[in-house]
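What follows is calculated from the coordinates using simple rules that are stated; it is not laboratory data. Being a predicted model, the structure only gives us computed values, none of them experimental. No Cβ is skipped: glycine too gets one built from the backbone with ideal geometry, and neighbour counts run over all protein chains shown.
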Amino acid sequence: MIDLFRLAIPFDESFVVGDINKEGRLSGLVNLLECSLRGAKLAAGHVIHNDGQINCEELFCPFESLPSSWSTLSFKIHQGGASYWPFVEIKASPAKLLQGHNVFGSNDVRLCIEALVTTFNMAMPRLGDMLDFNSVEVKQIDCTFTAHLPNESVARNVVHALRNISSGQTRSSKSAHDTTAYWGVKNSKGGNASSRHKQLKAYLKQFELQKCIEDASAKYKKTKDETYLNQLNSMQSPDVQQFAQNALRFEASILPRMLKRLGFPTRVGDFVAKCENFKMCPIAYLWNEAWQDVFSTFEGAQMNIYDDEQVRKSLRKQFVSIKVKEIKSGRHIGKSKTVISYTKADRLFRFFRSLKSEGWDEVKLTTAKNTFYDNIRDLTKVVSKAHLQNLHSIASNVVPLVQFINVDFAKQHPQNWQEPKPLNEQLRNNLRLVG
């Protein structure tokens, strides 16, 4: 499903004082006071009191929340400058805008983008008149698919195991909660390279859903806003509650660099056309490309990794060396004998035992880089990388996590789920009912 869109809508050139900068790109400024007259909120970075007069400097527009019938949309005006053209950023979960929850939802790109644009234009029509909707850019798309696990205990252990997994440029983040694992998320030290292309998150949906219900309930009690009541009714429906139970969500936040690398244009019109003519579900494709580094660590023979003897036998079967040597002394001189050696297998088994007793990070720190990765490459012919990265941290009675992670693309909704109607059609129907 599409869990979030973040779009950039540039201002029409008739409202911008601009030029081409040194890099040959358009740059300019929009008048924030004009935006304020059309409904946008203004804030000041510096307020000066002078003889009873108040002067505001460093004006800017903070993020605002715009209500819809089911949920809200965030937007912010970026004024522009010497290095970029001014634009309005809008972001929201289209699933929430269309149905009040994001436990499951649509893969229809056009439907989801129109939900954001409709919400914005309904709430800020005069500001929308200043914008160039033919040049909207995709700044982020979150693609999410779900695996269902047997129970909460297994679900938590799988999340804990996932935190230890890294592959290539996709590094796990130390910023994690008890029911969430992150990859590619920037931290206080600057994050990593993959955060410029994608950010990944695996989490247990039932706990996030409960937090959303608590937040919506508190907001409704405070404001009596019907939007929050609609959200509560939607999130507390039996189908939604049941689907969220023991649901492990794999979310990929895909950024423009990755979209372009995969051949997807970022201008919204071109992006929609590409998706509608794609040979398979484009959301599933983007999601799979984003997660393949992590999921590749699951590859390898599956076995009971806590049974040392089974691992040892498998290594000896994989790395046996058989040589024929000529006998050069004794009464059998001139004849030959077969020599079977398990030297490499036994060395790899000792390395495996080190991973198990000391952990991946400690062994990596105390082993020569080439030796470490050569050993890992050989071991993954017998044991998956995901298991090796979790040897030291998972309790010995936990069944290997790979067995439980099964993302079935055909079972991402309850059986009676239907694609939501376009938001503008929903709003028209609501107006008829009110009338």
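A few comments on the model shown:
- Each residue, E13 and E226, gets one label point 7 Å from its Cα in the Cβ direction; the gap between the two is 4.4 nm.
- Taking D378, D225 and counting other C-beta atoms within 10 Å, the order from fewest to most: D225, D378
- Computed FRET value (nearest 0.05) for A82 with D129, which takes r as the C-beta separation and R₀ as 25 Å: 0.45
- Under 14 Å, Cβ to Cβ, from V272 - net charge with Lys/Arg +1 and Asp/Glu -1: -2
- Theoretical FRET efficiency, 1/(1+(r/R0)^6), r = Cβ-Cβ of Q236 and K344, R0 45 Å, to 0.05: 0.15
- Extending 7 Å from the Cα toward the beta-carbon at both S153 and F60 defines two label points whose distance is 5.0 nm.
- Local charge for T72 was computed over the other residues whose Cβ lies under 13 Å away, with Lys and Arg +1 and Asp and Glu -1, and equals -1.
- Sorting the segments 406-417, 356-367 by their residues' average number of neighbouring beta-carbon atoms within 10 angstrom, most packed first, yields 356-367, 406-417.
- Distance (nanometres) between label positions extended 7 Å along Cα→Cβ at R38 and E358: 6.3 nm
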